[in-house]
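Since the structure comes first, as structure tokens, the remarks are kept for the end.
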Amino acid sequence: MVIDGESRLAAARQLGLAPVPCIRVDHLNESEQRLLRLAVNRLGEKGSWDIAELEVEFKELIIAEAPIELSGFGSDEID
């Protein structure tokens, strides 16, 4: 079961990566795993992007000819 990272797992599969690195949390019981899932998703609501750093990241990925369409950002956002 994936507690966090379904999108990263899907991206790794699209890129043909195998194996996919992960952190096992089998030491947590079912309730603790559910709480972790909620907490991780909540963090995303509180986050924000550093636009200057994001711009640098995209510029470097473009230079490296990386498939940035896999990033989840649209062309208009990348531009």
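Rounded, prolate or oblate: which fits the chain when a ≥ b ≥ c are the square roots of the eigenvalues of the alpha-carbon gyration tensor, with rounded for a/c under 1.5 and prolate only if a/b beats b/c? Don't jump to the answer; show the numbers that get you there.
Numbers: a/c = 3.05, a/b = 1.64, b/c = 1.86.
Because a/c hits 1.5 or more and a/b fails to exceed b/c, the chain counts as oblate.
Spin-label model, residue 69/residue 18: points 7 Å from Cα along the beta carbon direction are separated by 2.4 nm. As a rough guide to protection, the peptides 45-55, 63-73, 2-12 ranked by mean Cβ packing within 10 Å, highest first, stand as 2-12, 63-73, 45-55. In this simple spin-label model, placing a label point 7 Å from the Cα along the Cα-to-Cβ direction at both residue 2 and residue 53 gives a separation of 2.4 nm. The HN-Hα couplings worked out from phi for region 39-52 by the Karplus form 6.51 cos²θ - 1.76 cosθ + 1.60 (θ = phi - 60°) are 5, 5, 5, 5, 4, x, 5, 8, x, 8, 8, 8, 4, 5 Hz, whole numbers, x standing for Gly and Pro.
Only the coordinates and a few stated rules stand behind these numbers; no lab work does. Bear in mind the structure is a predicted one, so any value in this text is a computation, not a measurement. Reconstructed Cβ throughout: ideal geometry from the backbone, glycine too, with neighbour counts over all protein chains shown.
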